[in-house]
Each structure stands twice: as structure tokens, then as C-alpha cells.
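Below: one structure, written as C-alpha cells.
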Amino acid sequence: MALAPGSLSVRATRTFGRHAYASDFGIGWAIESGANGFRTMLGIVIFGTKPIERAVGTGSFFCPTCQRDAPYDHRRVRQVFTLYFIPVFPLGSGTEIIRCGRCGSEFSADVLQCGLDQARPAPSPWTCRSCGNTNPPEYAHCVACQQARDF
């Protein structure tokens, strides 16, 4: 009686916005050769990993992509070990992401700690269309020719 084990593994990638998480699945089996020449399959085990996404909370924040206040979903994504496609136990602590409810962009949880001055771009100087002078962003009229700023 001889035992012939075998296996097959597959890797797939699932994407949440800009974040990609791998899913690995494997199939293991064993075949037994009997004395009468027949082969008997002893069993098949399907195992692997996949990402699980859970809601942590919601709120409002300043989205760097939208450049405005927007609702957000705070999510935790963790890899879990699966047996027959059923999640059994988590692998590691996972990653926390913030997903903008307006544009769908995803950020790390650190974006909630940023102040409004860090999230908004600094105002840039503007150039007068009449004389070509570069003016400070807080001025509404050109310093050189007193022409009003075009918005």
C-alpha cells in the first residue's frame, strides 16, 4: 500500500482602491494504492488566506483628493486563514484605511490626524495678466499695476 500525496496552490490579488491584498488557496490530497490495484482518494483539504474588510467607524474629514469636507468610512482589512473557504483565524493585526465617501479615494488612518492646514495646499502666488508681475496670494490687486486679480 503506497501513499501518494499531492498539492496545488493558487494566488489571486484583490484590490481595495489603491491597496492590493493577496489571497492564497491550496488544495492538498492523498491517494492510496490498494493491494487489489485500485486507487482510493483519502481526502481533499482546501485551505488558504483572503482579506476580510470590517467597518470601524464613520465620520467627516477634509479629503486631500476632493479638497473639501467629505464623509468617510474607517475600515480595517485583515488577512485570515481559511479552511474550505470559511475564515478560521486572523493572520496579523491588519491595516486600517480611510475611504472617502465622496470620491472613493483611500488613505491611511493618519489622514484623520492631519490638521486642515496640512491637508490643504498652501496658497500659491499669482501672475498678473496685464503686466506679468508675480504677486503674493493674499493680494487681490497686482502690486505693480493695481489691476484686479482674475479668479
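FYI, it's all coordinate maths here, none of it is from the lab. A quick note: this is a predicted structure, and the numbers were derived from the prediction, not measured. Please note: Cβ atoms are built from the backbone with ideal geometry, for glycine as well, and neighbour counts cover all protein chains shown.
Numbers at a glance
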{"read-out": "Gain upon complete extension [Phe81, Ile44; 0.36 nm per residue less C-alpha separation]", "value": "11.6 nm"}
{"read-out": "Point-to-point label distance, Ser93-Thr58, nm (Cα→Cβ direction, 7 Å offset)", "value": "2.8 nm"}
